[in-house]
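Asker: Below is the structure I would like to discuss, written out as structure tokens.
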């Protein structure tokens, strides 16, 4: 797949535009997995390839140049940028020296660059090193059409499975079997992987937001929280649905509907210009006005994209003003220790007047008999 | 699951022992996913939890102390170390200040620490910062019994699926469907995830070592390379088997048997005291003595553990002397552009006299009709 140069140039331009300082160049420099700068994929558009130890130089005229190993040379060429392919470590040093030596000011992405890689950059140049990580987050936070296309597909796959999996759930199935089934169904629909480790928690386990999946069998009376997403062409969706095994009790219904209402309250205020912290507050205030006060224990949402936590969020501690084409999760929850929990999560694109819902799976309370 | 303090103390001690300088402490400090220091899991033994923005301080008396968010406090406590749980960013700064302020020399793991996190550490202390990443790799490279137990299980799952998947392969199946099926079968056997993105390449695609899986249907005459591994309690296996769809041609048989012989030649010289580069050479020399000279284009193997590339390798460019309880992949391959490729990969533990084979799936040439 040959990339559209214009899209890549626009992305590179967007990063330079977000940096206050005048730079001679930017270097994005990967280490060993998992310490790969996802911005490498953002500016190259590449899908296939691991690119450990690879780097990309970006220049103020919005061009780029890739360093990679001989092994991934063919993959790297698909970016349509000049590629230097090396076999040995000292060739990497020469490349760094040659490219960085005469620069006065170089940008690095400190939140995705290892300290080790930083030291290698310092060795190659006396240039001033400028941390441009805020600019990278700012640039990546507003998605372009190609990114939205991939996110929509990743969300479609997850939504489809969220509805479809209901037919598979029954008492006696183990949490990890449910996780395996979800992953399988997403991949059959074209996902290249799970966006993150799948959460399939039931009964008391559902009260732990970060529990993944264990040996427990689903039982009558359980809440079942399924939190998963599809990886599609490097972009990640993230959806959560909660079901009840058997007939829901009055308390279960009250918890569920409170979370659903909290999500609605938050969605209602999302639009370009809204403050992220206010969106969070709408959901939190609704929950805190009920008997479940204090049981919503995390931020309302996070941006998604190349990463499942793409650098921004809807949270009381973050100062974010929403803009069109930002993509966030909206995921209020209520967690009652030793009893259980409910979380409902959707992915949305911010628009001028509101939002576009990316995950449209049904979310009325579903009782599984 | 409460962890055995002795195992953790031994791991912490092993790291301090591998550092030349006298240190007042070591800080391992995670950023946002995927930029998590896997050594955090090594010294805490924790399985569940993401631990973004979390840190662990290690002291020369082999004790430790965890900083995490309120959300993951319960998960963190399972490590059996003191836990400080925080809600806000400035509480993290206070914790860093309190713990680092009076230290003279602090170790950091530069290959898994972001430059951003490093800057936060620098802000909190005037101490000398010592890069201990070589010591961390050295310590982690020799596995203890608990690690071997998890690796054996991860390898068992992958081996089982490598044999079992033969019954599923047939012409007309798409590469990505095969990848989905492998993942599903591993999870049904207890894997918590894929160790890495599954490679299911067929026909000419199999000539690209880092191709993953696409839309191509398996056809008669194809080589099918399946490269996958199980994630089990945070440890990762890595196996490759190559099959032929239909009757193998003479050339296919020669390629396959050359790779198999190359692997045997390498395995034969593995034992404590052997040089990793010599093990690589045995395989490379065997291939280069045939008509497939120059077609083995990557290193012979890499250490596995918490990461699928755990920091060390069997390669001409690395100076490694094997020791008992190191765990490596052994994976020669022959790649013929536009035609196809064969790779055969197993995981082994180095022993005093040789090696223990962890992946025992059959590897005679299998023709699928």
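The values are calculated or read from the model by the stated rules, or taken from the named source; none is laboratory data. Bear in mind that the values here come from a model prediction, so they are computed numbers and not experimental data. Here Cβ is always computed from backbone atoms with ideal geometry, including for glycine, and neighbour counts include all displayed protein chains.
Asker: Picking from A:1, A:8, which residue would you name as being in contact with a strand residue (DSSP E or B) (Cβ under 9 Å, 6 or more places away or on another chain), more than 10 Å from every other protein chain (Cβ to nearest Cβ) and at pLDDT below 95?
Answerer: Being in contact with a strand residue (DSSP E or B) (Cβ under 9 Å, 6 or more places away or on another chain), more than 10 Å from every other protein chain (Cβ to nearest Cβ) and at pLDDT below 95 holds for just one of A:1, A:8, which is A:8.
Asker: As an exercise: evaluate residue B:61 against (1) away from chain A (no Cβ under 14 Å); (2) touching a residue at least 40 places away in the same chain (Cβ under 8 Å); (3) not in a helix (DSSP H, G or I) and give the number of the one condition it does not meet.
Answerer: Of the numbered conditions (1) away from chain A (no Cβ under 14 Å); (2) touching a residue at least 40 places away in the same chain (Cβ under 8 Å); (3) not in a helix (DSSP H, G or I), the odd one out for residue B:61 is (2).
Asker: Is it fair to say residue B:279 is assigned to a strand (DSSP E or B) and in contact with a helix residue (DSSP H, G or I) (Cβ under 7 Å, 6 or more places away or on another chain)?
Answerer: Judged against the criteria, residue B:279 is not a match.
Asker: Restricting attention to segment B:210-230, report how many residues are touching a strand residue (DSSP E or B) at 6+ places or on another chain (Cβ under 7 Å), in a strand (DSSP E or B) and over 17 Å from residue B:337 (Cβ atoms).
Answerer: Count: 5.
Conditions (1) in contact with a strand residue (DSSP E or B) (Cβ under 6 Å, 6 or more places away or on another chain); (2) within 11 Å of chain B (Cβ to nearest Cβ); (3) in contact (Cβ under 8 Å) with a residue 24 or more places away in the chain; (4) surrounded by fewer than 19 Cβ atoms within 10 Å (Cβ to Cβ), marked per residue:
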residue	(1), (2), (3), (4)
A:157	yes, no, yes, no
A:189	no, yes, yes, yes
A:192	yes, yes, yes, no
A:198	yes, yes, yes, no
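Asker: Looking at this structure, is residue A:153 farther than 26 Å from residue B:75 by Cβ, buried (at least 24 other Cβ atoms within 10 Å of the Cβ) and either assigned by TED's automatic domain parsing to the domain that holds residue A:307 or modelled with pLDDT of 95 or more (or both)?
Answerer: Values: farther than 26 Å from residue B:75 by Cβ: yes; buried (at least 24 other Cβ atoms within 10 Å of the Cβ): no; either assigned by TED's automatic domain parsing to the domain that holds residue A:307 or modelled with pLDDT of 95 or more (or both): yes.
Against the criterion (farther than 26 Å from residue B:75 by Cβ, buried (at least 24 other Cβ atoms within 10 Å of the Cβ) and either assigned by TED's automatic domain parsing to the domain that holds residue A:307 or modelled with pLDDT of 95 or more (or both)), residue A:153 does not qualify.
Asker: Which condition number does residue B:49 fail, the rest of (1) modelled with pLDDT of 95 or more; (2) crowded, with 21+ Cβ neighbours inside 10 Å; (3) within 11 Å of another protein chain (Cβ to nearest Cβ) being met?
Answerer: (1) is the only condition that residue B:49 fails.
Asker: Here's something else I'd like to know. Listed residues A:137, A:142, A:129, A:121; which is under 26 Å from residue A:7 (Cα atoms) and within 14 Å of chain B (Cβ to nearest Cβ)?
Answerer: Matching residue, one of A:137, A:142, A:129, A:121: A:137.
Asker: If you don't mind, there's one more thing I want to ask. Restricting to segment A:25-42, name every residue that is in a helix (DSSP H, G or I) and under 19 Å from residue A:118 (Cβ atoms). Write out each step before concluding.
Answerer: At the first step, the residues of segment A:25-42 found to be in a helix (DSSP H, G or I) are A:39-42.
Across segment A:25-42, the qualifying residues are A:39, A:40.
Asker: Take the conditions in the same structural domain as residue A:361 (by TED's automatic domain parsing) and part of a strand (DSSP E or B) and apply them to residue A:267. Does it pass?
Answerer: No, not satisfied.
Asker: Continuing with the same structure: Somewhere in segment B:308-322, is a residue over 22 Å from residue A:69 (Cα atoms) and touching a helix residue (DSSP H, G or I) at 6+ places or on another chain (Cβ under 7 Å)? It would help to see each step written out before you state the result.
Answerer: First pass over segment B:308-322, keeping only residues over 22 Å from residue A:69 (Cα atoms): B:321-322.
Applying the additional criterion that residues be touching a helix residue (DSSP H, G or I) at 6+ places or on another chain (Cβ under 7 Å) yields B:322.
Yes, some residue in segment B:308-322 is over 22 Å from residue A:69 (Cα atoms) and touching a helix residue (DSSP H, G or I) at 6+ places or on another chain (Cβ under 7 Å).
Asker: For residue B:204, which of the numbered conditions (1) within 11 Å of chain A (Cβ to nearest Cβ); (2) more than 20 Å from residue B:151 (Cβ to Cβ); (3) outside any loop (DSSP other than H, G, I, E, B) fails to hold?
Answerer: (1)
Asker: Only one of A:301, A:313, A:294 is within 13 Å of chain B (Cβ to nearest Cβ) and closer than 27 Å to residue A:139 by Cα; which?
Answerer: Criteria check complete, one pass: A:313.
Asker: Please go through segment A:9-33 and give me each residue that is crowded, with 22+ Cβ neighbours inside 10 Å and farther than 15 Å from residue A:142 by Cβ, ordered by number.
Answerer: A:23, A:26, A:27, A:28, A:29, A:30, A:31
Asker: Which condition breaks for residue A:293 when tested against (1) under 26 Å from residue A:109 (Cα atoms); (2) without any contact (Cβ under 8 Å) to a residue 12 or more places away in the chain?
Answerer: The one condition residue A:293 does not meet is (1).
Asker: From the set of residues in segment B:207-227 that are closer than 18 Å to residue B:334 by Cα and within 14 Å of another protein chain (Cβ to nearest Cβ), which is modelled with the highest pLDDT?
Answerer: B:227
Asker: While we're here: Taking residue A:170 and the conditions (1) assigned to a loop (DSSP other than H, G, I, E, B); (2) modelled with pLDDT of 95 or more; (3) not assigned by TED's automatic domain parsing to the domain that holds residue A:221, which numbered condition does it fall short on, given that it satisfies the others?
Answerer: (3)
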